[in-house]
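Student: Structure in structure tokens, see below.
The values are calculated or read from the model by the stated rules, or taken from the named source; none is laboratory data. As the structure is a prediction and not an experimental result, all values here were calculated from the model. Cβ: placed from backbone, ideal geometry, glycine included. Neighbour counts: every protein chain shown.
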Amino acid sequence: MARRHDLVGLTVLALLTLRAAHPYELHRLIVDWHKDYITGLPRSLYHAVERLARDEFIVPAKTDREGRRPERTVYEITDEGREELAARLRLLLERPDPDRRAFVAAVSLMGCLPPPETVRALRARAATIEGTLAGMDAHRRAMAEDGLPAVLALELEYEQALHRAELAWLGDLLDRLDKGELDWSPPT
């Protein structure tokens, strides 16, 4: 699996599950739909399209020209591209990462996965966070037993607070999914 943190490429793949599009149109969708985790537009978008085409995750569907404007190549996602999108999304949803933008992107695009896959990935993430919190609690107790002043462990407290907040949010989200309050059908 390539480029786990290629958030631009991930987003391009997801948008192309909706319909074939040319890079300028993809750029407009990213801006209009506030995919703010993406930086470096438009250059990063054109580079991502080139990489995805080279890797055969997307292919040119047609080339259009309007008036005197340059030709625009319309791309569509391949079956391999759909598999890559699903694999990347599952990974980003399952595994906590210090780069929180990756999880924001995965949550933003998780509608591309079937709900049961999303639930499995989010439950795996919650279990990992619970384990991390247990380890952090043990570490803090050991630090206190060693006489380390609490002020020197504030960064650990902060990280724990972030993990607890994410775990609470995940619990609420999974509850909504279990109750059928949030449902979707992934693009075909």
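Student: Which residue is nearest to the chain's Cα centre (by Cα), if the candidates are limited to segment 138-161 and must be surrounded by 13 or more Cβ atoms within 10 Å (Cβ to Cβ) and of a type in the set (A, V, I, L, M, F, W, C)?
Tutor: Step by step, filter segment 138-161, then rank; the result is Leu156.
Student: Within segment 1-117, considering only helices (runs of 4 or more DSSP H) that don't extend past its boundaries, which have at least 1 residues that are closer than 26 Å to Leu167 by Cα and modelled with pLDDT of 90 or more? Break it down stepwise before answering.
Tutor: On the way: elements: 7-16, 23-32, 43-54, 79-94, 100-109.
Per the criteria, 7-16, 79-94, 100-109.
Student: When you go through Ala14, Ala21, Ala61, Ala53 one by one, which is the residue that is closer than 30 Å to Leu170 by Cα and among the hydrophobic types (A, V, I, L, M, F, W, C)?
Tutor: Numbers: Ala21 fails: closer than 30 Å to Leu170 by Cα; Ala61 fails: closer than 30 Å to Leu170 by Cα; Ala53 fails: closer than 30 Å to Leu170 by Cα.
Criteria check complete, one pass: Ala14.
Student: Right, next: If you go through segment 23-43 one residue at a time, do you hit one that is within 23 Å of Leu92 (Cα to Cα), of a type in the set (S, T, N, Q) and buried (at least 18 other Cβ atoms within 10 Å of the Cβ)?
Tutor: Taking segment 23-43 and keeping what is within 23 Å of Leu92 (Cα to Cα), we get 26-27, 29-31, 33-41.
Of the ones still in play, those that are also of a type in the set (S, T, N, Q) are 39.
Those still in the list that are buried (at least 18 other Cβ atoms within 10 Å of the Cβ) too: none.
So far as segment 23-43 goes, no, none of its residues is within 23 Å of Leu92 (Cα to Cα), of a type in the set (S, T, N, Q) and buried (at least 18 other Cβ atoms within 10 Å of the Cβ).
Student: Scan segment 109-119 for residues that are surrounded by 15 or more Cβ atoms within 10 Å (Cβ to Cβ) and without any contact (Cβ under 8 Å) to a residue 40 or more places away in the chain and report the count.
Tutor: 2
Student: Still on this structure, I have one more. Kindly provide the set of residues from segment 82-105 that are in contact (Cβ under 8 Å) with a residue 60 or more places away in the chain and of a type in the set (A, V, I, L, M), ordered by number.
Tutor: Leu85, Ala87, Leu89, Leu91, Leu92, Ala102, Val104, Ala105
Student: Condition test on Met143, is it more than 30 Å from Asp79 (Cβ to Cβ) and either touching a residue at least 24 places away in the same chain (Cβ under 8 Å) or in the same structural domain as Leu92 (by TED's automatic domain parsing) (or both)?
Tutor: no
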